[in-house]
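Report on one structure; see the data block that follows.
The values are calculated or read from the model by the stated rules, or taken from the named source; none is laboratory data. None of the values given here were measured: they were computed from a predicted structure. With ideal geometry, Cβ positions are generated from the backbone for all residues, glycine too; neighbour counts draw on all protein chains shown.
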Amino acid sequence: MSLQKTDWPVKFSIIHLINQTNCNKCYNTGVIKISDAVREIVLTSEVAVGALAGGYLNLSAYAKQIHPEVERRTRKPVRLGSIVVALSRMTELAKSRVPTLPDLAFQNVSVKSGLVEIAFDKTRENKERLKHLYQNKDFIHADFFTVTHSIGEISIVVPVELKRAVLSIYKNQRPKLFLDNLCSLTVRLSDSCIETPNVFYSCLRHFALKRINIVEMVSTFTELTLILDNRDLNESFITIRALLQGRRGTSTPQR
């Protein structure tokens, strides 16, 4: 019995020590290393990653720029020198990364003008009306005809000649959206693009840099179609042509 009495405080102390250690681990869970914080910040900037990989990033200047964010994430004061060291160690990592912008293999590019977009709420009745579109010979033989089902909307893009036919089928239904003077630019890509990250981004960033508004975007397995305003057609064509000229083994855009 005497052994059990002396053994109890020892066991209690061990249990208390274990619980205290676990609590300390839980308390430190939200704290990250300086190198991890710097890595997370750099990888959110395409410009920083590219400059770091190319060897022309001013480490000291960039360290000053991200200094407040590094301290916020690490929850402690951080010296600029520590950030510079973390950046220099990331150089090899940046060089070894797969390029953010993949080499796009365009198979074909086509342009279609004179389009309209009509959108309705996605109701059972409106979904039933779509059957009439698919059975109509004019729509079957149309050179451009897309229907997009989203969670709450149905969007239809057709040549302007079929505008009245759509409105007739959806009579007594007020469209949520009606846009005319539209055009489309369709890019056909290789089959391998389905497994390549940033394919759409690599293409769309050029439109963003020129502030070209994209009204709608429709994609299938190997095709990306951009619905644009007719006023942006010429600039869009120049943009895609520049992309084609920068890639080897591609075809000439078809208008």
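Counting only strands (runs of 3 or more DSSP E) that fall entirely inside the stretch 135-240 and contain at least 1 residues that are within 17 Å of the chain's Cα centre (by Cα), the qualifying elements are 214-219, 223-229. Looking at T74, is it among the polar types (S, T, N, Q), surrounded by 15 or more Cβ atoms within 10 Å (Cβ to Cβ) and under 25 Å from the mean Cα position of the chain (by Cα)? The answer is no for T74. The residues of the stretch 95-145 that are of a type in the set (S, T, Y) and over 16 Å from L224 (Cβ atoms), listed by number, are S96, T100, S113, T123, Y134. Remark: pairs (first residue in the stretch 99-118, closer than 21 Å to L167 by Cα; second residue among the hydroxyl-bearing types (S, T, Y) and at pLDDT 75 or above; Cβ separation under 7 Å; 6+ apart in sequence or on different chains) = L115/S184; E117/S155. Taking the residues in the stretch 143-199 that are buried (at least 17 other Cβ atoms within 10 Å of the Cβ) and of a type in the set (G, A, S) as candidates, determine which candidate is farthest from G114 (Cα to Cα). If we take residues in the stretch 143-199 being buried (at least 17 other Cβ atoms within 10 Å of the Cβ) and of a type in the set (G, A, S), then S155 is farthest from G114 (Cα to Cα).
Comparison of V70, V78 shows that the only residue that is at pLDDT 75 or above, touching a helix residue (DSSP H, G or I) at 6+ places or on another chain (Cβ under 8 Å) and not in a helix (DSSP H, G or I) is V78.
Which residue is surrounded by the most Cβ atoms within 10 Å (Cβ to Cβ), if the candidates are limited to the stretch 82-128 and must be part of a strand (DSSP E or B) and of a type in the set (A, V, I, L, M)? My answer is L115.
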